[in-house]
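The values are calculated or read from the model by the stated rules, or taken from the named source; none is laboratory data. Just so it is clear, the model here is predicted, and its values are computed rather than measured. No Cβ is skipped: glycine too gets one built from the backbone with ideal geometry, and neighbour counts run over all protein chains shown.
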Amino acid sequence: MDRIRPHRAWPLFDTAASRAIERASAGHLPPHALMQRAGLAVARLALALAPHARTIWLACGPGNNGGDGFEAAMHLRSWGKNAIVTWSGDEGRLPQDARASLQRARAADVRVAPHPPAEWDLAVDAMLGLGAARPLEATLAQWATLMAADARPVLAVDLPSGLDADTGGGHPARASHTLALLTLKPGLFTAGGRDAAGEIWFDDLGIAEPAARPTAWLAGAPPEVVRLHASHKGSYGDVAVVGGAAGMGGAALLAATAALHGGAGRVFACLLDPVAAGFDSAEPALMLRRWDSLDLSAMAVACGCGGGDAVRAALPTVLATARALVLDADALNAIAADTQLESLLKARARRARPTVLTPHPLEAGRLLGCTAAEVQADRLGAGRELVQRLGCVVVLKGSGTVIAGPGRTPLLNPTGNARLASAGTGDVLAGLVASHLAAMPDGFDAAAAAVYEHGRLADHWPRRQALTASALARAVAPERGWPAPL
Ligand SMILES: NC(=O)C1=CN([C@@H]2O[C@H](COP(=O)(O)OP(=O)(O)OC[C@H]3O[C@@H](n4cnc5c(N)ncnc54)[C@H](OP(=O)(O)O)[C@@H]3O)[C@@H](O)[C@H]2O)[C@@H](O)CC1
Ligand SMILES: [K+]
């Protein structure tokens, strides 16, 4: 059993893949073995989380998730705990494995009570897992409300009940801990999943080599690469940030600052405001230039940050010439509204020029012609769809940022938190991606590394210190290794 922490990569399997793995594994094992292993794992983690617990309430549902709960109750009782099961189900309709576990629990004198106990030290949510098909009904909904109203820990079996394993959608119960069984499901790590699941643990039930391809990966820490002594600023590439129309210069300067601190050899800030100052006294290493005075074919360009409508005029040239490109905010909105710009974007894929889009759900919706809510309802699906349509690497921002790219299995990023929900942090991310793109050829790897670092900075941010975008941009370098020179 492992606790999932954001440093190593993990394969994620959606419902269909998890069911296929379950079928293949069960074929090699004695009947009921997987559920017995699952129940034992749940009981062990329950004991580890609440070693001094007297009463443990196990709320069991009508399917095999409930079966895991019966099995766990049997072990907890044999270890001296007051394990009280409530069960909402129909014995005649119980799946075979769950019925076997109910019989084992009864034979071990586990109490199946009509109502939850008045007090408990730990609750186990074994109501619904992979089979959750609709919002929690009647009794199950009441139990979920009771658990949520209580401050004591809740251990969810496999998934918080009601969570969509594939998308992180649904109306899930809240858990402080979740033990994923056999497979880690993508819904635990994106959309509503991170808030519902709490701390995530995983037990592979002894199936170390799953018989299915991962649907996605939970990203691990990017490799840290040390800068060689015999290198110079030309080794780490040039970044140009094109944005900052009148009144929005800050966004472009934030991106440029992040690119500079992120390790780019030289950074040019190209402000679209015709009366912008020619010098940034806060960051004198930034070179303020006109974008059309630079040779973009040798550069990684971040375009769109605070670009307003003015960015439209720059985009045809930027799209056609930038060696590597990050498109954010106003650049994405302009492309969503202009099929000619979209064609230029698609042409970059044919010319093998790395391009990374960094939309938030609303911008992604504009590119896809749907609403932000529809994007959020299936974030992995939306990421894949954008890749298929536009041929670029896509960073779909939000809880559990999706990184998708042509020919690559998508990643869900494990770092970051709600402190990043403030103005300008997206500009910092665009600059960071550009600094990676300046030094490495692969857009997907550059995006994944930048997203991970950006989130890790927020995760390590001092509690009592405000997380502002400008402080974030300057905090970049100490947190990371340096990109390898091209
Ligand atoms: N596959 C694996 O990896 C392994 C699986 N294992 C375990 O099995 C779990 C999957 O079991 P499962 O397939 O029986 O589904 P589960 O979640 O128990 O629910 C199905 C039942 O719930 C009902 N129902 C649905 N929605 C409802 C609602 N809102 N409110 C009320 N009822 C609702 C639904 O009714 P129906 O929709 O058919 O009318 C059906 O009766 C999995 O998550 C893991 O814990 C491990 O033991 C070993 C390895
Ligand atoms: K559950």
Requested in this report: Search the stretch 9-31 for residues being at pLDDT 95 or above and outside any helix (DSSP H, G or I), and hand back the single one that is surrounded by the most Cβ atoms within 10 Å (Cβ to Cβ).
Outcome: Leu12
Report summary line: Filtering the stretch 316-350 down to residues that are polar (S, T, N, Q) and either under 30 Å from the mean Cα position of the chain (by Cα) or over 22 Å from Gly237 (Cβ atoms) (or both) yields Asn333, Thr339, Gln340, Ser343
Report task. Take the stretch 161-210 and flag every residue that is touching a residue at least 60 places away in the same chain (Cβ under 8 Å), within 12 Å of ligand 1 (Cβ to nearest atom) and in a loop (DSSP other than H, G, I, E, B). Result -> Ser161, Ala165, Leu182, Thr183, Leu184, Lys185, Leu205, Gly206, Ile207, Pro210
Requested in this report: Would you confirm whether any residue within the stretch 378-385 is touching a residue at least 12 places away in the same chain (Cβ under 8 Å), under 20 Å from Ala421 (Cα atoms) and touching a Leu at 6+ places or on another chain (Cβ under 9 Å)?
Outcome: yes
Query raised in the report: Can we say Leu286 is crowded, with 24+ Cβ neighbours inside 10 Å, touching a strand residue (DSSP E or B) at 6+ places or on another chain (Cβ under 8 Å) and in the same structural domain as Ala438 (by TED's automatic domain parsing)?
Result: no
Query raised in the report: Which condition does Ala240 not pass, out of (1) out of contact with any Phe, Trp or Tyr (no Cβ under 6 Å at 6 or more places or on another chain); (2) touching a residue at least 60 places away in the same chain (Cβ under 8 Å); (3) among the small types (Gly, Ala, Ser), if it passes all the others?
Result: (1)
Query raised in the report: Among the residues of the stretch 118-130 satisfying the criterion of being in contact (Cβ under 8 Å) with a residue 40 or more places away in the chain and more than 10 Å from ligand 2 (Cβ to nearest atom), which is surrounded by the most Cβ atoms within 10 Å (Cβ to Cβ)?
Result: Ala123
Query - Cross-chain or 6+ apart pairs with Cβ under 6 Å, the stretch 93-108 first and touching a residue at least 40 places away in the same chain (Cβ under 8 Å), then assigned to a helix (DSSP H, G or I) and among the hydrophobic types (A, V, I, L, M, F, W, C) - result: Asp97/Met35; Ser101/Met35; Ser101/Phe70
Requested in this report: Name the one entry in Thr15, Thr55 that is of a type in the set (Ser, Thr, Tyr) and either closer than 17 Å to Ser161 by Cα or touching a Gly at 6+ places or on another chain (Cβ under 6 Å) (or both).
Outcome: Thr15
Query raised in the report: Quick one: would you say Val42 is β-branched (Val, Ile, Thr) and either within 16 Å of ligand 2 (Cβ to nearest atom) or buried (at least 18 other Cβ atoms within 10 Å of the Cβ) (or both)?
Result: yes
Query raised in the report: For the stretch 273-315, which residues satisfy the criterion of being among the β-branched types (Val, Ile, Thr) and within 34 Å of the chain's Cα centre (by Cα)?
Result: Val301, Val311
Query raised in the report: Does at least one position in the stretch 17-38 carry a residue that is without any contact (Cβ under 8 Å) to a residue 12 or more places away in the chain and away from ligand 1 (no atom under 14 Å from the Cβ)?
Result: no
Query raised in the report: Take the residues of the stretch 141-160 that are buried (at least 24 other Cβ atoms within 10 Å of the Cβ) and near ligand 1 (Cβ under 9 Å from one of its atoms): which is farthest from Gly398 (Cα to Cα)?
Result: Val157
**Report entry** Residue within the stretch 361-381 that is touching a Phe, Trp or Tyr at 6+ places or on another chain (Cβ under 8 Å) and under 23 Å from Ala259 (Cβ atoms) present
**Finding:** no
Query raised in the report: If you scan the stretch 87-117, which residues turn out to be part of a strand (DSSP E or B), of a type outside the set (D, E, K, R) and surrounded by fewer than 22 Cβ atoms within 10 Å (Cβ to Cβ)?
Result: Val112, Ala113
Requested in this report: Kindly list, by first and then second residue, each pair from a residue in the stretch 211-228 that is in contact (Cβ under 8 Å) with a residue 40 or more places away in the chain to a residue that is among the polar types (S, T, N, Q) and crowded, with 18+ Cβ neighbours inside 10 Å, limited to pairs with Cβ atoms under 6 Å and residues at least 6 apart or on different chains.
Outcome: Ala219/Asn413
Report task. Examine the stretch 68-79 for a residue that is closer than 23 Å to Phe189 by Cβ, more than 10 Å from ligand 2 (Cβ to nearest atom) and not in a helix (DSSP H, G or I), and state whether such a residue exists. Result -> no
Report summary line: Quick count over the stretch 449-464, residues being closer than 17 Å to Ala255 by Cα and of a type outside the set (Asp, Glu), is 8
